[in-house]
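**Q** Can you read through this structure? Questions will come right after.
What follows is calculated from the coordinates using simple rules that are stated; it is not laboratory data. If you're wondering where the values come from, they're calculated on a predicted model, not measured in any experiment. Neighbour counts run over all protein chains shown; Cβ positions are idealised from the backbone, glycine included.
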Amino acid sequence: MNTKFLGILATVSLFVAGPALAECSTHANPPAIPDGTGATTEQMTSASASVKGYMADMQDFLKCLENDKAGGSAKYNAAVDQMQSIANEFNKQLRAFKAKG
């Protein structure tokens with residue numbers, strides 16, 4: 001009887017823990033960033049919102065990786081690099097957009 005209970009408990013644990021473990025397996029796709037030299041105000045505003053949403057999603061992903069003790073550091077570093085790249089590209093295009101007047 002006790003063995004049966006442990007088997008059921010183990011099975012339930014897999015179903016409960018499975019989604020939590022899978023959370024860190026993927027992260028948000030980077031948003032499209034328009035060329036600032038030809039973009040409209042609406043396109044840049046939309047891109048800004050998309051970048052902010054992406055960054056928020058990535059922060060959640062990073063928090064998940066911080067809790068993942070099984071070697072999330074490579075994923076963490078890659079995610080941070082990607083976030084920096086997206087931020088740099090958006091800022092570059094925003095400067096180009098503002099420069100065109």
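**Q** Arranged by the count of other C-beta atoms within 10 angstrom, fewest first, what order do 50, 85 take?
**A** Working: 50 16, 85 11.
Fewest to most other Cβ atoms nearby, the residues stand as 85, 50.
**Q** Between residue 78 and residue 100, what is the spin-label point distance in nm, taking each point 7 Å from the Cα along the Cα→C-beta axis?
**A** Modelled inter-label distance: 3.4 nm.
**Q** Rounded to the nearest 0.05, what FRET efficiency is calculated for residue 42 and residue 87 with R0 set to 25 Å and r the Cβ-Cβ distance? Walk me through the intermediate numbers first.
**A** Working: r = 21 Å, r/R0 = 0.84.
The calculated FRET efficiency here is 0.75.
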